[in-house]
Amino acid sequence: KIYDTITFSFTGMLLQILACSFYLFVILIIIFYSGELVWKERALKISQTYNALPINDRSPFISKLFALILVQVVLLLVVLFCGIIIQCCYGYFHFEIGLYLRGLFGVRLIDYALLCVLSMFIQVLVNNKYVGYFVMVVYYLFSIFMGSMGLEHHLYQYASDPGMVYSAINGYGSYVVPFVWFKLYWALFATLLAIIAKLFWIRGNETAFSQRLKIAKASFTPSTKIVSTLVLVAFI
């Protein structure tokens, strides 16, 4: 029932219900596994051996980031199958697989990928797994109350957008264009976060922030400067 009105379990409605009820679980998964991925080698005490491997500095960060995003893909596949099972249980068999794919992997996955970048960035910059967890939890709570504090504009609510409401009459309709623009805007900002995280990625014994800052400055190559400048200009 929705507002005490019995409805069919059509796909558009299920996507809204499942995505909203699943969001907190996804946030917790992202927060926890970002810390586990960043600290994996140090927790197993093999970081010195791992850091001695002949690979460039960006490979560890990028590979771990994509692994975290892949976890979200798996979770969304679980949501997809749960939605189909719920529809079957209620005797509704018009599954609209294409709508599931668009709603989950064309809308929700973008949000989760942006949060993955933010969580990895915080873990790298803070350089303390549990403080990183705390910062992400504070960010999540702050994002909930931003609207009531008068900070409701999507230009400074990370990964936010005006929303994507599906209608059986005209699909996502006029919501698509503003959604794409805002996600492009935040994707550019997330790219800047990823570049900073790559520069501050710990490789070696130097863990003091002052030393990491010197290493980051030394790693800020001309090609990285060009890419960062282009992304920053596009974001602005």
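The values are calculated or read from the model by the stated rules, or taken from the named source; none is laboratory data. Worth saying up front: this structure is predicted, and the values here are computed from it rather than measured. Note that each Cβ is placed from the backbone with ideal geometry, even for glycine, and that neighbours are counted across all protein chains shown. Accessible surface areas use protein heavy atoms only, side chains included; no ligands, DNA or RNA. Shrake-Rupley method; radii C 1.70, N 1.55, O 1.52, S 1.80 Å.
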List pairs: first residue in segment 31-44 and farther than 15 Å from Ile69 by Cβ, second residue assigned to a helix (DSSP H, G or I) and modelled with pLDDT of 85 or more anywhere in the structure, Cβ distance under 7 angstrom, at least six positions apart or on different chains.
Gly35/Gln123; Gly35/Lys129; Gly35/Gly132; Gly35/Tyr133; Trp39/Lys129
Would segment 148-160 turn up any residue that is in a helix (DSSP H, G or I), more than 16 Å from the chain's Cα centre (by Cα) and either small (Gly, Ala, Ser) or loosely packed, with under 15 Cβ neighbours inside 10 Å (or both)?
yes
Checked against (1) open to solvent by 20 Å² or more (accessible area, probe 1.4 Å); (2) touching a helix residue (DSSP H, G or I) at 6+ places or on another chain (Cβ under 6 Å); (3) of a type outside the set (D, E, K, R); (4) not in a helix (DSSP H, G or I), Ser9 satisfies every condition except (1)
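In segment 215-236, which residue that is within 27 Å of Trp39 (Cβ to Cβ) and surrounded by 12 or more Cβ atoms within 10 Å (Cβ to Cβ) is modelled with the highest pLDDT? Walk me through how you get there before you give the answer.
The initial filter retains those residues of segment 215-236 that are within 27 Å of Trp39 (Cβ to Cβ), namely 215-221, 224, 228.
Those left that are additionally surrounded by 12 or more Cβ atoms within 10 Å (Cβ to Cβ): 215-216, 219-220, 224, 228.
Values: Ile215: 83, Ala216: 88, Ser219: 84, Phe220: 89, Thr224: 91, Ser228: 95.
Only one residue tops the list, namely Ser228.
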Exactly one of (1) assigned to a loop (DSSP other than H, G, I, E, B); (2) out of contact with any helix residue (DSSP H, G or I) (no Cβ under 6 Å at 6 or more places or on another chain); (3) free of Cβ contacts under 8 Å to residues at least 40 places away in the same chain is unmet by His94. Its number?
(3)
Go through segment 161-181 residue by residue and tally those that are open to solvent by less than 40 Å² (accessible area, probe 1.4 Å) and of a type in the set (A, V, I, L, M, F, W, C).
2
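Taking the conditions exactly as written (in contact with a Phe, Trp or Tyr (Cβ under 8 Å, 6 or more places away or on another chain) and in a helix (DSSP H, G or I)), does Val124 satisfy them or not?
yes
Which members of segment 40-66 meet the condition of being hydrophobic (A, V, I, L, M, F, W, C) and open to solvent by less than 50 Å² (accessible area, probe 1.4 Å)? Can you show your working first?
Just the residues of segment 40-66 that are hydrophobic (A, V, I, L, M, F, W, C), to begin with: 43-44, 46, 52-53, 55, 61-62, 65-66.
Once the filter is applied, which keeps residues that are hydrophobic (A, V, I, L, M, F, W, C) and open to solvent by less than 50 Å² (accessible area, probe 1.4 Å), segment 40-66 yields Phe61, Leu65.
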Of the residues in segment 197-206, those that are open to solvent by 60 Å² or more (accessible area, probe 1.4 Å) and closer than 16 Å to Lys40 by Cα number 2
Out of (1) of a type in the set (Ser, Thr, Tyr); (2) modelled with pLDDT of 90 or more; (3) farther than 26 Å from Thr224 by Cβ, the odd one out for Ser63 is which?
(3)
